[in-house]
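Here's the structure we're looking at; comments come further down.
Coordinate-derived values only; no laboratory data. Nothing here was measured: the structure is a model prediction, and the numbers come from that model. Heads up, the Cβs are rebuilt from the backbone with ideal geometry, glycines too, and the neighbour counts pull from every protein chain shown.
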Amino acid sequence: MKIHEYQGKQIFAKYGVPIPKGIPAFTVDEADAAAKSLIAETGNQVTVVKAQIHAGGRGKGGGVKVAKTAADAREHAKAILGMQLITPQTGPKGTKVKRLYIEQGLDIARELYLAMLVDRDSRRIAVIASTEGGMEIEKVAEEHPEKILKVLIEPTIGMAGYQARELAFALGLGKAEVPKFVKLLTTAYEAFTKEDMSLLEINPLVVLKNGDVVALDAKINFDDNAEFRHTEWLNLIDEGEEDPVELEAKRTGLSYVSLDGNIGCLVNGAGLAMSTMDVIKLEGAEPANFLDVGGGANEEQVKKAFSMILQSPKVKGIFVNIFGGIMRCDVIANGIVAAAKGLDIKVPIVVRLEGTNVELGKKILSDSGLKITPADTISDGAKKIVAAVKAG
């Protein structure tokens, strides 16, 4: 789950991570009032108008503008609010800007990069830092890998003081700046662990001319698996930034991720779903989605799954791949038949069933009178659906 920069900074403030003063705005008038309020509070005429979307590279796309006066801030807000902001992370269609963040201007001496993420290989939280702040970290890693610093945190100990100091020294921070960096890093680590984040990125992390170390940006992703511990996350969701089908799936209790292919997949079990997508790719086609209906899906959920798959106009065929362990194949078959009749499905459907009540499930499909192609194995099913889609 992703949140906006201003929401991330509200979390930073909760844990004591230093941030600039800022005010979210949803209209031009609110942006104007926010800029005037910040100028009055700080005595600094300079403010920054920032587009709030769930993507990086906003500055390069024209979504971050420095305003020298309140009047400039208003004009920038007019230009940015409602624009279709295109960045390397949004794709060519871009994302419409519906929220702004008005922030005080700062006197910056240096820009650094700082991030924390879950390193699956080491089963540790990894802290990534670089002297190349404000740049795309992927580009830095590709062109100057020696400038990427990485520290792994032992979970039973947490962020050790010596690790934070070593990073500070490696980043070339001065004697007065080191303790400020250490404090920021320690509080950021506390926020990361207590808030169940999967990613925390500050790009740039800035050193001001007065020696303060401040988080000028905040990119935060939460680990969806911890949602049951955080009812407050519901208040942070921006539905306009989410895939509507993925949101619907979440509310229905299904695991769904939209992809770019044209073959819809309806599978039970995340591992089997991944394998199914792999086999489709091996046959030279692309899956349109990841969809795990889970081990205990009922007929209504199967019908709902079909409905979600068909919401994408790109879907030209559907491959149902079910292993009936906890789930019974006859229940799935009844759900498939109900969906095919109720939704008037016009694309080819290939079904591979195996497991509990498999023969009964196959009989239900066979007796339905519907144009459903049976398959014996995953590979057989993938071949048949790919051939059906190519045949038109």
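Placing pseudo-labels 7 Å out from each Cα toward the beta carbon at Leu272 and Ala170 gives an inter-label distance of 4.4 nm. Amide H to amide H, with H built 1.01 Å from N, Gly56 comes under 5 Å of Gln89, counting only residues 5 or more places away or on other chains. What the Cβ-Cβ distance of Lys183 and Glu300 gives, at R0 = 56 Å and to the nearest 0.05, is a FRET efficiency of 0.60. Annotation for Asp260 and Thr27: the two label points, set 7 Å from Cα along the Cα-Cβ direction, are 3.9 nm apart. For the pair Tyr15 and Ala391, a Förster radius of 51 Å applied to the C-beta separation gives a FRET efficiency near 0.30, rounded to the nearest 0.05. Here the Gaussian network model covers the chain, with springs between Cα atoms less than 10 Å apart; of Asp29, Asp344, Asp224, Asp344 fluctuates the most. Database remark: amide H of Gly317 closer than 5 angstrom to the amide H of Gly264 (H placed geometrically; neighbours at sequence offset of 5 or more, or on other chains; Pro and chain starts carry no H).
Setting aside same-chain residues fewer than 8 positions from Lys250, which lysines have a Cα under 19 Å from its Cα? The qualifying lysines are Lys2, Lys303, Lys304.
Distance between the pseudo-spin-label points of Ala338 and Lys281 (7 Å out from Cα toward the beta carbon): 3.4 nm.
As a proxy for reagent exposure, Val279, Val257 were ordered by neighbouring Cβ count within 10 angstrom, fewest first; the result is Val257, Val279. Scanning residues 5 or more positions from Arg124 or on other chains, those with amide H under 5 Å from its amide H are Asp119, with H placed 1.01 Å from N in the peptide plane. Taking the Cα centre of the chain as origin and assigning +1 to Lys and Arg Cβ atoms and -1 to Asp and Glu Cβ atoms, the resulting dipole is close to 480 debye. Enumerate the lysines that Lys180 could reach by cross-link, defined here as Cα to Cα under 19 Å, with residues fewer than 8 away along the same chain left out. Filter leaves Lys9, Lys14, Lys21, Lys209. Applying both filters, DSSP loop and at most 13 other Cβ atoms within 10 Å, to the trypsin sites (Lys or Arg not before Pro) of the stretch 147-216 gives Lys175, Lys209.
Once the C-beta distance of Val66 and Lys98 is scaled by a Förster radius of 25 Å, the resulting FRET efficiency is 0.70 to the nearest 0.05.
Looking at this model, which pairs from Lys65/Lys93; Lys281/Lys371; Lys139/Lys316 are more than 27 angstrom apart at the alpha-carbon?
On the way: Lys65/Lys93 21 Å; Lys281/Lys371 24 Å; Lys139/Lys316 37 Å.
Those over the limit are Lys139/Lys316.
Backbone geometry of the stretch 340-347 corresponds, through the Karplus equation with coefficients 6.51, -1.76 and 1.60 at θ = phi - 60°, to 3J(HN,Hα) couplings of 4, 7, x, 9, 6, 5, 10, 8 Hz, x marking Gly and Pro.
Hey, what number do you get for the chain at 222 nm if only DSSP H runs of n ≥ 4 count, each worth -39500 (n - 2.57), divided across all residues, to the nearest 500?
-11500 deg cm²/dmol
Only one residue of Ile23, Ala67, Thr377 has its Cα farthest out toward the positive end of the dipole of the chain, where Lys and Arg carry +1 and Asp and Glu -1 on Cβ, and that residue is Ala67.
Going through (i) 209; (ii) 136; (iii) 160, the figure that equals volume of the Cα convex hull per residue in Å³ as computed for the structure here is (iii).
Please work out how much length the chain gains when fully extended from Gln45 to Asn225, using 0.36 nm per residue of separation minus the C-alpha to C-alpha distance, in nm with one decimal.
Computed gain between Gln45 and Asn225 is 60.4 nm.
Annotation: aspartates and glutamates with alpha-carbon distance below 19 angstrom to Lys194 (same-chain offsets under eight excluded): Glu5, Asp119, Glu154, Asp223, Asp224, Glu227, Glu232. Qualifying trypsin sites (Lys or Arg not before Pro) in the stretch 302-381, where qualification requires a DSSP coil assignment and no more than 13 other C-beta atoms within 10 Å, comprise Lys346, Lys371.
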